[in-house]
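The block underneath contains the structure these notes are about, expressed in structure tokens.
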Amino acid sequence: MDALDRVVKPKTKRAKRFLEKREPKLSENVKNAMLIKGGNANLLVTQVLRDVYALKKPYGVLYKKKNITRPFEDQTSLEFFSKKSDCSLFMFGSHNKKRPNNLVIGRMYDYHVLDMIELGIEKFVSLKDIKNSKCPEGTKPMLIFAGDDFDVTEDYRRLKNLLIDFFRGPTVSNIRLAGLEYVLHFTALNGKIYFRSYKHSCELHFCVLPLLLPGTVGTRLLLKKSGCKTPRIELEEMGPSLDLVLRRTHLASDDLYRLSMKMPKALKPKKKKNVSHDTFGTTYGRIHMQKQDLSKLQTRKMKGLKKRPAERITEDQEKKSKRIKKN
């Protein structure tokens, strides 16, 4: 039995709290990412991993030592690190003659590799190369995807889902408008993927982001006074900037992917019976009642509805005749 698979009984309260944090929950913790460099990673790949780690803080673990492994051939080491550091996302960087400046991004399900996609780095501008103010640690980014490939091609569609999972950060119910200061923009164009990072300061104005060209570097967006309701927008470089090419893919089967997306019954919204909504949002309810005897229904008393003496006499005679027949 593997050392990490055996049942561990906590001996201290601190160890008990640590194990309780890793137990399965209805509302899971924020997904952490581990960033690993291979045994032959060069300076460019190492700097990319450092910059991505700076964007992922504090939900990331950076392994500084080199690890000789090949994710597409053997995933046991990645699964070991995932269970050890409690990370469900990973990014692996390597470099060789056949696949230079290589990045592998993927995710785990039950501490086993669910899917991973290999990307090649063609151009890179680091955070250090752009001397500007950066966004604070732990900022939740806005994610923007441009390009038809993200909605048409299956590999790009799964890559989009993977990037959202990797960079989305914690799940929040409300967002303050002034806190929207960090944008990650992904563009799929002519077989390439352009990754850009933008920072903008919003003075409580609702801003519409301009078209971000693939050739531009990550920028900071400033809203200044323009004399009208719409602010004047200026871009300021921030970084990092990556030009990527899609290489190999290892995607989960449809059944396994559907299983990983399954929601617990306790979190599913309970269906309300006999309640329906129309196109305008009006709520309609259906009530089931027992059969009513309308002859006993109390109506409004009016003189015109009163029975005449002759009618009363005939009714009394009919009742007497029924009684006689029964006897």
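Residues in segment 260-299 that are in a helix (DSSP H, G or I), in contact (Cβ under 8 Å) with a residue 24 or more places away in the chain and not small (Gly, Ala, Ser): Leu267 alone. Taking the criterion of being open to solvent by 100 Å² or more (accessible area, probe 1.4 Å), modelled with pLDDT under 85 and in a loop (DSSP other than H, G, I, E, B), would at least one residue in segment 310-323 satisfy it? Looking through segment 310-323, none of the residues is open to solvent by 100 Å² or more (accessible area, probe 1.4 Å), modelled with pLDDT under 85 and in a loop (DSSP other than H, G, I, E, B).
Take the conditions surrounded by fewer than 19 Cβ atoms within 10 Å (Cβ to Cβ), assigned to a strand (DSSP E or B) and more than 20 Å from the chain's Cα centre (by Cα) and apply them to Gly120. Does it pass? Spelling it out, Gly120 is indeed surrounded by fewer than 19 Cβ atoms within 10 Å (Cβ to Cβ), assigned to a strand (DSSP E or B) and more than 20 Å from the chain's Cα centre (by Cα).
Can you find, within segment 56-71, the residue that is nearest to the chain's Cα centre (by Cα) among those that are outside any strand (DSSP E or B) and within 25 Å of Arg99 (Cα to Cα)? If you could, list the steps in order and put the result at the bottom.
Step one: list which residues in segment 56-71 are outside any strand (DSSP E or B), which gives 56-59, 68-71.
If we keep only those that are within 25 Å of Arg99 (Cα to Cα) too, we end up with 68-71.
Details: Ile68: 32, Thr69: 30, Arg70: 29, Pro71: 25 Å.
Ranking the candidates gives Pro71 first.
On the stretch given as segment 153-183, residues that are under 18 Å from the mean Cα position of the chain (by Cα), surrounded by fewer than 20 Cβ atoms within 10 Å (Cβ to Cβ), at pLDDT below 90 and of a type in the set (A, V, I, L, M) total 3. What are the residues in segment 26-64 that are modelled with pLDDT of 90 or more and among the basic types (Lys, Arg), if any? Answer for segment 26-64, where residues must be modelled with pLDDT of 90 or more and among the basic types (Lys, Arg): Lys37, Arg50.
Restricting attention to segment 9-41, the residues being without any contact (Cβ under 8 Å) to a residue 40 or more places away in the chain, surrounded by 10 or more Cβ atoms within 10 Å (Cβ to Cβ) and among the polar types (S, T, N, Q) number 1. The set of residues from segment 112-162 being touching a Pro at 6+ places or on another chain (Cβ under 8 Å) and of a type in the set (Lys, Arg) comprises just one member, Lys140. A Cβ distance below 6 Å, combined with a sequence gap of six or more or placement on separate chains, defines the contacts here; from segment 90-106, residues that are part of a strand (DSSP E or B) reach residues that are of a type in the set (Phe, Trp, Tyr) in the pairs Val104/Phe92; Gly106/Phe90.
Kindly provide the set of residues from segment 260-284 that are open to solvent by 90 Å² or more (accessible area, probe 1.4 Å) and within 21 Å of Lys160 (Cβ to Cβ), ordered by number. Residues satisfying the conditions are Met261, Lys262, Met263.
Within segment 117-144, count every residue that is on the phi > 0 side of the Ramachandran plot and modelled with pLDDT of 85 or more. Reasoning before the result, please.
As a first pass, look at segment 117-144 and keep what is on the phi > 0 side of the Ramachandran plot: 138.
Of the ones still in play, those that are also modelled with pLDDT of 85 or more are none.
Matching residues across segment 117-144 total 0.
When only residues in segment 133-155 that are out of contact with any strand residue (DSSP E or B) (no Cβ under 6 Å at 6 or more places or on another chain) and either of a type in the set (Phe, Trp, Tyr) or assigned to a loop (DSSP other than H, G, I, E, B) (or both) count, which is farthest from Asn29 (Cα to Cα)? My answer is Asp148.
Scanning segment 42-89 for residues that are open to solvent by 30 Å² or more (accessible area, probe 1.4 Å), within 28 Å of Met238 (Cα to Cα) and β-branched (Val, Ile, Thr) gives a single hit, Val61.
Among the criteria (1) over 30 Å from Asn274 (Cβ atoms); (2) of a type in the set (Val, Ile, Thr); (3) open to solvent by 100 Å² or more (accessible area, probe 1.4 Å), the one Ile287 does not fulfil is (1).
The values are calculated or read from the model by the stated rules, or taken from the named source; none is laboratory data. As the structure is a computational prediction, the values presented were derived from the model and not from experiment. Note that each Cβ is placed from the backbone with ideal geometry, even for glycine, and that neighbours are counted across all protein chains shown. Note: accessible area is taken over every heavy atom of the protein model, side chains too, but ligands, DNA and RNA are not part of it. Shrake-Rupley method; radii C 1.70, N 1.55, O 1.52, S 1.80 Å.
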